[in-house]
Amino acid sequence: MTLKSLLLSATTTLALITAPAMAEPVKVGLITTLSGGGAGIGADVRDGFMLALKAAGDAGKEIEVILEDDQQKPDIAVQVADKMIQSDNVDVLTGIIWSNLAMAVVPAATAQDKFYLSTNAAPSALAGEGCNPKYFSVSYQNDNMHEAAGAYAAAEGVKKMFIMAPNYPAGQDSLAGFKRFYDGEVVAEVYTQVGQTDFAGEIAQIRASGADRVFFFQPGGMGIAFLKQYAESGVDIPLIGPGFSLSEDILPAVGDAALGTINTSHWSTDLDNPANKAFVDAFRADFGRYPSLYAAQAYDTANLLLSASAKASPSGDPDGFRAALQAADFASVRGKFAFGPNQHPIQDFYVLEVENRDGGLTNKIVGNAMTDRGDAYAELCKM
């Protein structure tokens with residue numbers, strides 16, 4: 001070998017040693033509902049998540065998203081997740097809306113050493129004894145908005161409540177959460193079928209119940225059907241809902257029947273901070289509609305992911321990536337944001353009222369419901 005070739009070889013070797021490793025994109029499996037009665041929610045999850053990546057510019061291009069429809073079916077969600085983990089080799093899973101699907105997917109994903117960042121579903125079983133170092137809820141814990149509604153009803157002095165929710169984990173959590181902070185009489189506790197669209201029987205029960213107010217948790221298409229039928233029924237008992245029941249994804253379909261209805265949430269389109277103003281403006285500009293809380297949560301989830309992946313790789317340095325997630329070093333649309341010991345948010349909750357603003361139905365903040373609320377299950381989490 002000549003001196004020249006030796007020098008060239010040494011220079012090449014030195015360059016390989018000293019050059020920084022080329023960072024590989026983070027692969028994200030986004031599983032959400034894009035067909036059936038929950039498709040409107042899934043569209044907001046998808047659009048909120050992708051909008052955050054778009055707003056991040058070059059950093060957003062380092063996130064590779066694989067998008068799949070779970071069809072709101074647990075078996076399909078499991079099949080999709082297994083494919084993403086085993087064939088697509090994703091680093092992070094996210095996007096599931098429904099708690100029964102999350103219960104089918106999340107434990108299996110974390111058991112295979114994958115991170116799961118929840119944009120929505122956060123059942124109590126995963127917040128307490130079933131918590132996991134690789135599972136983060138970026139949304140809430142399922143009971144939270146319902147706890148806030150119960151606290152509001154108690155503060156308002158409501159004596160008798162009719163409460164209603166679908167019969168699945170989030171519905172069970174919702175009524176447990178409401179009762180945790182409501183100190184009056186529950187005259188009826190009713191569980192409806194998931195996907196139900198005919199509420200004539202339940203409305204007849206409400207009419208005869210003697211309740212002063214009705215608390216209802218019916219997300220997506222279920223909420224649209226209930227609100228329309230309730231308005232047509234002539235029953236005049238006022239409604240209280242969690243934010244899911246009166247979110248911007250369903251308000252256009254419900255129409256003016258929703259005006260003035262009270263609900264409780266950790267986020268609103270009029271929440272006054274720079275990140276939220278930029279998000280709402282960008283979402284309306286891109287999609288021509290107000291974002292819902294589902295879109296806001298997905299936007300925050302993507303920004304949390306961006307903040308953590310800028311510091312550590314989920315596959316190359318999982319401990320560093322987890323620490324970066326726990327730090328929550330991003331500008332949340334909720335303003336202040338922090339994780340509790342079970343990796344669920346500690347955050348404020350507001351009383352909202354549906355209004356017509358700039359030609360579209362949305363919510364406005366009319367009061368505070370809870371401040372710095374964590375969740376009832378954190379002390380059961382041993383990580």
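Tell me the relative contact order for the chain as a rounded percent, counting alpha carbon contacts under 8 Å between residues six or more apart. Write out the running numbers ahead of the final one.
Working: 806 pairs, mean separation 66.2, N = 383.
So the answer I get is 17 percent.
Could you please report the charge total around LEU305, scoring K, R as +1 and D, E as -1 over all other residues with beta-carbon less than 13 angstrom from its beta-carbon?
Numbers: positive: LYS27, LYS311, ARG322; negative: GLU62, GLU64, ASP91, ASP300, ASP329.
That works out to -2.
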Between ASP319 and TYR191, what is the spin-label point distance in nm, taking each point 7 Å from the Cα along the Cα→C-beta axis? 4.3 nm
Just to be sure I understand the curve: with the Debye formula and one point per C-alpha of segment 236-315, what is log10 I(q)/I(0) at q = 0.17 Å⁻¹? -0.77
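Determine the relative contact order of segment 235-383: mean sequence separation of Cα pairs under 8 Å and six or more apart, normalised by residue count, in whole percent.
Working: 239 pairs, mean separation 40.5, N = 149.
Reported as a whole number, the value is 27 percent.
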Report, to two decimal places, the Cα Rg of segment 186-330 normalised by 2.2 N^0.38 Å (N = number of residues). 1.34
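If packing is taken as the average number of other Cβ atoms within 10 Å across a peptide's residues, how do 249-255, 119-125 rank, most packed first?
Averaged packing, sorted descending, gives the order 119-125, 249-255.
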Determine, for each peptide in 291-302, 259-270, the mean count of other beta carbons within 10 angstrom over its residues, then list the peptides with the highest first. 291-302, 259-270
Gaussian network model of the chain, Cα springs within a sub-10 Å range: biggest mean-square fluctuation belongs to which of ILE41, ILE365, ILE76? ILE76
Coarse-grained scattering of the chain at q = 0.12 Å⁻¹, given as base-10 log I(q)/I(0) from a Debye sum over alpha-carbon atoms: -0.86
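Which number comes out as Rg/Rh for segment 284-329 once both Rg and the Kirkwood Rh are worked out on C-alpha atoms? Intermediate values should be presented prior to the final figure.
Values: Rg = 13.6 Å, Rh = 11.7 Å.
Rg/Rh: 1.16.
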Any chance you could check the Cα centroid distance between segment 277-307 and segment 132-211 for me, in angstrom? 27 Å
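Out of all DSSP beta bridges with both ends in the chain, state the antiparallel percent to the nearest 5.
On the way: 17 of 49 bridges.
Of all bridge pairs located within the chain, approximately 35 percent are antiparallel.
Quick one, can you get me the convex hull of the C-alpha atoms of segment 293-366 expressed as volume per residue in Å³?
On the way: hull volume 8.0 nm³, N = 74.
Output value, Cα hull per residue: 108 Å³.
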Nearest 500 deg cm²/dmol is fine: what mean residue ellipticity at 222 nm does the chain get from its DSSP H runs of n ≥ 4 alone, each adding -39,500 (n - 2.57), divided by its residue count? -12500 deg cm²/dmol
For segment 216-288, what does the relative contact order come out to in percent, with C-alpha contacts under 8 Å and a separation of six or more? 30 percent
Charge dipole (debye, nearest 20) of the chain; +1 at Cβ of Lys and Arg, -1 at Cβ of Asp and Glu: 520 debye
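Consider all pairwise Cα distances in segment 123-266 and report the whole-number % of them above 24 Å. Walk me through the numbers before you get to the answer.
Working: 2805 of 10296 pairs.
Value for segment 123-266 (Cα pairs over 24 Å): 27 percent.
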So which of LYS228/LYS336; LYS54/LYS114; LYS134/LYS277; LYS179/LYS382; LYS73/LYS311 end up more than 28 Å apart, counting from Cα to Cα? LYS228/LYS336; LYS134/LYS277; LYS73/LYS311
Between segment 33-71 and segment 321-383, how many Å separate their Cα centres? 20 Å
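Bear in mind these aren't lab numbers, they're just calculated from the coordinates by the rules spelled out. Just so we're clear, the structure is a prediction, and the values are computed from it rather than from any experiment. Neighbour counts run over all protein chains shown; Cβ positions are idealised from the backbone, glycine included.
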